[in-house]
Amino acid sequence: MLSTAQLYIYSILGMASFVSGIVLLLAYWRIKGLREAPGILVLWQCFAQTVLDVHWAYVAINYWAIGEEPSEIVCEINGLVCIYFYFLSLSYNSCLSTEVLLKIKNPVNYGYKKRSSIYHALCHFISTGIMMTMAVSNTAGHSFVGTCFVKESTWAEYLMAVPLATFYPFSFTVIVIAFWTIYKTEVQLLKKFLLKHVFFLVVFMVFFMPFSLSIFMRELESGSLEALRVFSYIMGSASGLAINSVRLSDRAFKKYVARRLGSQGRSFTRGISMAENLISRNDSIYESSYTELFNSMQHKVVMSSLLGLEVVFRDAETTEFMELEIVPPWSSDYYTKQTCVLSMNTEDLSELNQETKEFMAKSKIKVTERAPLVFKHIRLLENITHEELSNSFSLMKNLGSILNNIGNKGGRSSAFFYHTFDNKLIVKTISKEEESVLLKYLLPSYHKHLYLCRSSLLSRIIGLFQVEISGSTTISLLVMKNIFEKPLDLVFDLKGSRIARQSIHHEDCTQLVNDRVYKDLDFLKYQKTLNLSYQDSLKLKRIVNDDVNLLASLNIMDYSLLVGFASSHCNSSFYFQGASDSPKGYYIGIIDFLQTYNTLKKVESFGKSIVRPGKKSQISVINSADYASRFLKFIVSILPSN
């Protein structure tokens with residue numbers, strides 16, 4: 001039993017921890033931006049910590065004010081609640097550190113939405129499993145450290161070894177990686193952020209570890225054990241105050257909260273001036289939350305990549321090579337081994353304003369172009385000049401559109417997409433697997449196909465680059481010609497599958513809008529057919545048939561027919577004018593053709609066929625031959641037959 005003075009301190013610290021948690025929760029509740037990825041992980045950890053603070057304060061006040069410990073049944077219920085949220089807090093902290101590591105490795109990785117579901121499911125599964133185990137075995141109640149937690153002198157006390165064997169080693173590993181990154185990176189903002197995250201982890205570990213040790217280490221001599229138990233009382237009750245204070249005391253966090261609360265209800269214009277403010281960040285609001293910090297990291301990577309591509313095409317060789325006259329496919333070395341490397345230096349920044357120059361001068365940018373002569377030949381086939389490319393990638397001209405293209409929203413694909421300011425080009429990150437498929441399997445045949453079939457509807461890949469930034473971040477970028485050159489009324493992504501292929505709940509929709517991409521079932525309900533002339537319909541069938549046969553021969557599947565409805569005419573190989581009685585035209589192209597029917601896809605196909613028995617032919621993941629057959633059949637069905 002603790003002394004009155006100790007109980008007094010314990011209850012005061014517990015209440016102070018609870019109040020600090022409420023303040024932090026109110027900030028996350030009022031400001032939506034703080035809850036965006038990965039802020040929701042911080043919110044859950046804060047919520048779990050606040051529940052623990054309520055529990056510890058309640059037990060201390062019960063001892064201090066009433067003079068007796070809670071009843072057995074009350075303590076058992078409180079113990080189960082405490083156990084659940086204790087492990088929930090540890091789990092969410094580990095998930096947050098995992099997301100930090102992933103973002104350090106690749107700032108433009110957009111797979112958070114997929115990972116988020118796994119994070120939440122895993123955290124609650126672990127916590128629920130441990131809590132249910134304790135409930136069934138009746139091992140929750142009055143604990144050795146005086147709180148309602150793991151019942152004293154039961155086997156369940158050894159559960160405290162779980163965080164000692166998992167969370168603390170993992171956190172230590174994160175700290176080591178963070179310090180290594182701090183040592184390597186030249187990005188001051190990232191250094192400052194990682195130091196804050198390391199400090200947070202250290203505080204978390206220091207305040208939580210005595211609580212675990214005091215229960216688990218029962219073999220100590222009584223005097224030392226009693227001292228550790230008293231110490232764990234104090235550290236446990238003060239843990240919420242310490243952890244929340246790390247965030248609340250951050251000056252940038254307070255400025256960010258004040259700014260957002262003061263701006264609620266107003267509308268903002270986001271232009272180049274605001275985008276340029278991203279460049280100088282002394283005491284920036286981007287230090288205030290994980291969400292904004294991640295976006296800031298993405299800004300730097302995208303700006304560095306755009307600048308690198310701008311300089312690559314600005315300084316590209318204009319001399320024509322004899323190899324460009326040879327009918328493809330060329331020697332395999334042109335596709336898999338040939339590279340062209342450019343490293344940035346200060347004279348490359350002469351056209352930038354002073355703020356941007358100072359920001360970019362701190363970054364060392366190395367751009368490696370893969371298969372340079374092959375993609376140069378493809379650009380010549382498309383009549384795309386290096387001057388046009390350099391202009392499209394101009395960093396100063398793209399600053400105004402960076403804000404609208406960047407965020408950590410995630411999606412079905414973890415790839416990052418960026419449309420240049422003139423909407424002529426698309427930049428997309430690709431994985432190592434996709435890069436391998438492109439260079440080793442697809443590119444020779446793709447190159448030959450574009451040379452022989454100039455009217456092909458396969459989207460035009462005009463460059464593959466590896467961009468290394470400050471020696472710490474390396475990403476692979478695919479540069480493509482944008483199929484849509486004009487504003488669109490509607491966009492559909494069609495695969496020929498009818499399973500899980502809709503973007504809207506039809507019963508709630510009266511009219512389609514132009515701010516989203518619709519799918520097969522949406523098309524069949526609202527459009528049904530493409531209103532083309534019979535001649536254009538035959539032409540489209542022939543071109544699509546040639547393109548799809550090429551992809552099937554390379555074991556490629558999961559591609560889509562992208563259809564954009566436009567009101568204005570355009571002279572493009574992807575544009576088809578509507579029939580004489582239709583005022584509309586269509587942009588039509590085939591996209592996303594870097595996925596082979598590999599082992600993982602075979603497993604996915606098997607799993608989906610089990611979930612949907614009797615509908616194997618309609619699931620999206622099937623072998624390349626069947627996929628091609630179904631795709632072509634669907635295209636024929638939406639075209640006029642006479």
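The values are calculated or read from the model by the stated rules, or taken from the named source; none is laboratory data. Just so you know, these numbers come straight off a predicted model, no measurement behind them. Positions of Cβ are generated from backbone atoms using ideal geometry, with glycine treated the same way; all protein chains shown enter the neighbour counts. For accessibility, only protein heavy atoms count, side chains too; no ligands or nucleic acids. Shrake-Rupley method; radii C 1.70, N 1.55, O 1.52, S 1.80 Å.
Keeping all protein chains in place, calculate the accessible area per residue for the stretch 422-534 (probe 1.4 angstrom), answer in Å².
Value for the stretch 422-534: 43 Å² per residue.
May I ask you to order 188-201, 114-127 by the average number of other C-beta atoms within 10 Å around their residues, highest value first?
The most tightly packed comes first, giving 188-201, 114-127.
What whole-number value in cubic angstrom gives the convex hull volume per residue for the C-alpha atoms of the stretch 500-642?
137 Å³
What ranking, highest mean first, results for peptides 49-57, 168-176, 18-26 when packing means the other Cβ atoms within 10 Å averaged over each residue?
For the peptides 49-57, 168-176, 18-26, the packing ranking is 49-57, 18-26, 168-176.
Please list, short to long, the whole-number percent of alpha-carbon pairs of the stretch 69-204 in consecutive 10 angstrom bins beginning at zero.
Per 10 Å bin, starting at zero, the Cα-Cα P(r) for the stretch 69-204 comes out as 11, 34, 28, 17, 9, 1 percent.
I'd like the distance between the alpha-carbon centres of the stretch 9-24 and the stretch 419-481, rounded to an integer number of Å.
Value for the Cα centre distance between the two parts: 54 Å.
Take the solvent-accessible surface of the protein heavy atoms, probe 1.4 Å, and return the percent of it on the stretch 413-544 that carbon and sulfur atoms account for.
Numbers: 2820 of 5830 Å².
Within the stretch 413-544, the accessible surface is 48 percent carbon and sulfur.
Report the calculated FRET efficiency for Ser331 and Ser609 (r = Cβ-Cβ distance, R0 = 51 Å), to the nearest 0.05. Walk me through the intermediate numbers first.
Details: r = 42 Å, r/R0 = 0.82.
It comes out at approximately 0.75.
Considering only protein heavy atoms, what per residue accessible area in square angstrom results for the stretch 539-609 with a 1.4 angstrom probe?
42 Å²
Whole number in Å², please: accessible area per residue of the stretch 64-174, 1.4 Å probe, ligands, DNA and RNA not counted.
42 Å²
If you roll a 1.4 Å probe over the stretch 77-161 with all protein chains in place, what percent of the accessible area is carbon or sulfur?
72 percent
Students often get this wrong, so check it: of Lys432/Lys481; Lys519/Lys602; Lys376/Lys432; Lys397/Lys519, which have C-alpha atoms separated by over 29 Å?
On the way: Lys432/Lys481 21 Å; Lys519/Lys602 23 Å; Lys376/Lys432 22 Å; Lys397/Lys519 33 Å.
Beyond 29 Å between Cα atoms: Lys397/Lys519.
Round to the nearest 10 and report in Å² the accessible area of Met209, as given by a 1.4 Å probe over the protein chains' heavy atoms.
Rounded to the nearest 10, that gives 60 Å².
For the pairs Lys486/Lys584; Lys105/Lys424; Lys103/Lys196, note any where the Cα-Cα span goes beyond 22 Å.
Lys105/Lys424
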